[in-house]
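Colleague: Structure below; questions to follow.
Bear in mind these aren't lab numbers, they're just calculated from the coordinates by the rules spelled out. Keep in mind it's a predicted model, so treat the numbers as computed, not measured. All Cβ positions, glycine included, derive from the backbone under ideal geometry; neighbour counts span all protein chains shown.
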Amino acid sequence: MCLSGIMAVQNHKKEQAMATDYFTTAAGIAAPGPDSDFLLNLLNRANREQLAELSGIPLAEVEALFTTTAPYTRKLDIELGGISLRNINTDDDANRAIHILKTLNLSPEALAALIAGPNPVQLPQAAPTPPVQQQTAVEGGTTIQEMIPRFATRKKDKLSSKTLYEYGNYHRKFVAWLELRKKKKHIPVHSITRADVADFIDDLLADGIAPQTVTQKYLAAISGLFELAQSIGVLPEGQILVSRGHKVFTKQDAKKSASRRSYKPFNDDELKLIFKPDLLSNAKQSADFWLPMLALFPGARVTELSQMDIADIQKHGEIWALSINDKGDKLLKTPAATRLIPIHPTLIECGFLDYLKDAAKYGTKLFPYLTPDQFGSYGNRTSERWGKYLDELNITDRQKGFHSFRSTSNGCLKHKGMTEENRCQFVGHEHDTVNSAIYSEPHRLPFLLENVASKLDYPCIDFAKLQYKQGQFDKVLAEECAATNKRLLHSQAKEERMARQKH
């Protein structure tokens, strides 16, 4: 009622007369001193005799409730809806106040009438406090700064190196913002409030960072710090984390964004343009030709194909297959990406096995001149070249890229009547039903070849003009592998030179 009175005075001038008493009462609650407890002070305003009469509890017991509780007032920050209350009390003090309320068992209306009544109990005035000396001691507790390296240690085998690197950047940005906000370097985790996180979000949005990025990148990273803090005992178990519940980017927003940002399939005219006959003759690198050919049929990801070992092209009985796995230095997006799928007969007719023999002369990789980036991904270089190729073809739709081959392949299978479970196994997507995930085995190669891969056909493409001849890329492979080795040697020499300078 007191808070309602304050809001009424501020927002509804016409109710000022009836709210003045409540406002005056609320203003008096904070009078005893800067460390006074809001809830207990509020209860202390009530007339004890009337409390005893209304609750049916002896006056001595009512007095004992307040006598036991009053000396233990402390500070706490709490938030109610859009209202923030500062310097209130600790959780223990809140529990004591709640205990009083439960013991009295009064209706809110009756308690409010006593608190704002004409004869409230007068709280003793606190003695004047001496001037506060400048605090030199550092506030105790594990700091948010300490949590960053601990997070990296705990998650190094659970997150990809790229995700771990990005999370580290988001963590450091959050900490730098906190240090500027609180004007100190030592920031205990328990001292960070929900309001701090909310203000950080607002600053990110003001800087032009998209709500989706804030939610899926920044908040995901920050939540990881608080989750780890709770799991190791820095924060109480069961406490709602201050990073949770910020509705910046809702599920509804995610659905709308997915429709705008998801990759569209290539239409027939675009496929005909992409796979024109000079795709083979003008290819400056072997991946320029074989990557789109490989992606068109199984709908594989660019990184999955770019990193493949020659040993991943296997013959099982009479069926040639691609083994997409994370063995060695290879990376996969999800566990479902691990799969064995048949090579489409069209690829074999176009000379893929002949290229395999050529690549084997230069190493163990399907594209031996490609090297991983700092995060272990082989796909960045080929993705960049593919984007430039689409620009040359004037295919400029932002929702069309190499990943569109997955949409094209998946869409083709869907239109041919393939079930979602079959399609998921073929293209490497999760299929979350209990039946398929637990109670059924994956389809075998003969079934996939006859019932899935064979359904992929593209009559708009003239594959007869895309026939690879063994040795056709020998010169290109030799030049590219030599250039790659030169770059590696240069990089190693640079690292050794920098190491010597440090010592």
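Colleague: What net charge is computed for the residues neighbouring Asn410, neighbours being all others with C-beta under 10 Å from the C-beta of Asn410, Lys and Arg scored +1, Asp and Glu -1?
Modeller: Numbers: positive: Arg406, Lys414, Arg423; negative: Glu420.
Net charge in that neighbourhood comes out at +2.
Colleague: Quick one: order Asp196, Asp474 by neighbouring beta-carbon count within 10 Å, fewest to most. Can you show the working numbers first?
Modeller: Working: Asp196 18, Asp474 13.
Ascending number of Cβ neighbours within 10 Å: Asp474, Asp196.
Colleague: Can you tell me the FRET efficiency between Lys333 and Glu53 if r is taken as the Cβ-Cβ distance and R0 is 51 Å, rounded to the nearest 0.05? Present the calculation step by step, with values, prior to reporting the outcome.
Modeller: On the way: r = 70 Å, r/R0 = 1.37.
Taking R0 as 51 Å, the efficiency between Lys333 and Glu53 is 0.15.
Colleague: Spelling out what I want: for every residue of the range 320-331, take phi, set θ = phi - 60°, compute 6.51 cos²θ - 1.76 cosθ + 1.60 (Karplus), and round to whole Hz; glycine and proline get x.
Modeller: Result, ordered by residue: 7, 9, 9, 9, 9, 8, 10, 6, x, 9, 8, 10 Hz.
Colleague: While we're looking at this one, here's another question. Can you give me the long-range amide H partners of Thr142? Hydrogens built in the peptide plane at 1.01 Å from N, cutoff under 5 Å, separation of 5 or more residues or another chain.
Modeller: The list, which skips near neighbours in sequence, is Val189.
Colleague: Then there's this: For the charge dipole of the range 216-370, defined by +1 on Lys and Arg C-beta atoms and -1 on Asp and Glu C-beta atoms about the Cα centroid, which residue among Leu273, Gln285, Ile343 has the Cα displaced farthest towards the positive pole?
Modeller: Leu273
Colleague: Each residue of the range 463-480 in turn: what ³J(HN,Hα) in whole Hz from Karplus with 6.51, -1.76, 1.60 and θ = phi - 60°, glycine and Pro shown as x?
Modeller: After applying 6.51 cos²θ - 1.76 cosθ + 1.60, I find 6, 4, 9, 10, 8, 7, 10, 3, x, 4, 9, 4, 5, 4, 4, 4, 5, 5 Hz.
Colleague: Let me ask something else about it. May I ask you to compute the full-extension gain from Lys276 to Asn485, defined as 0.36 nm times their residue separation minus their alpha-carbon distance, rounded to one decimal in nm? Walk me through the numbers on the way to the answer.
Modeller: Working: separation 209, 0.36 × 209 = 75.24 nm, distance 3.22 nm.
Extra length available between Lys276 and Asn485 comes to 72.0 nm.
Colleague: Enumerate the amide H contacts of Lys365 below 5 Å, restricted to partners 5 or more residues apart or on another chain; note that Pro and chain-start residues carry no placed amide H.
Modeller: Sorted by chain and number, the residues that satisfy this are Ile310.
Colleague: Here's a follow-up. Enumerate the calculated ³J(HN,Hα) couplings along the range 332-338 in order (Karplus 6.51 cos²θ - 1.76 cosθ + 1.60, θ = phi - 60°), each rounded to whole Hz, writing x wherever the residue is Gly or Pro.
Modeller: 10, 5, 9, x, 5, 5, 5
Colleague: Arranged by the count of other C-beta atoms within 10 angstrom, fewest first, what order do Leu180, Leu42 take? Could the numbers behind the result be given before it?
Modeller: Details: Leu180 9, Leu42 18.
So the residues, fewest neighbours to most, are Leu180, Leu42.
Colleague: If we sort 369-379, 181-191 on the protection proxy, mean other Cβ atoms within 10 Å, highest first, what's the order? Display every interim value, and only then the final one.
Modeller: Numbers: 369-379: 17.1, 181-191: 14.6.
Highest mean packing first, the order is 369-379, 181-191.
Colleague: Using the Cβ atoms and a cut-off under 14 Å, what net charge is assigned to the surroundings of Glu318, where Lys and Arg are +1 and Asp and Glu are -1?
Modeller: Details: positive: Lys315, Arg444; negative: Glu450.
Local net charge: +1.
Colleague: Another question about this same structure. Report the charge-dipole magnitude of the range 152-246 in Debye, nearest 20, computed about the Cα centre from +1 at each Lys and Arg Cβ and -1 at each Asp and Glu Cβ. Can you show the working numbers first?
Modeller: Working: 15 positive and 10 negative charges, 69 e Å.
Dipole of the range 152-246, to the nearest 20 debye: 340 debye.
Colleague: Kindly state, to the nearest 0.05, the FRET efficiency for Gln399 paired with Lys183, given R0 = 51 Å and r defined as their beta-carbon distance. Write out the running numbers ahead of the final one.
Modeller: Values: r = 45 Å, r/R0 = 0.89.
Approximately 0.65, to the nearest 0.05.
Colleague: Same structure, new question: Cut-off under 21 Å on the C-alpha distance; same-chain residues fewer than 8 positions from Lys217 excluded. Which lysines are left, in chain and number order?
Modeller: List returned: Lys155, Lys156, Lys158, Lys162, Lys173, Lys247, Lys251, Lys255, Lys256, Lys333.
Colleague: Still on this structure: Around Ala46, which amide H atoms from residues at least 5 apart in sequence, or from another chain, sit under 5 Å from its own amide H, with H modelled in the peptide plane?
Modeller: Val121
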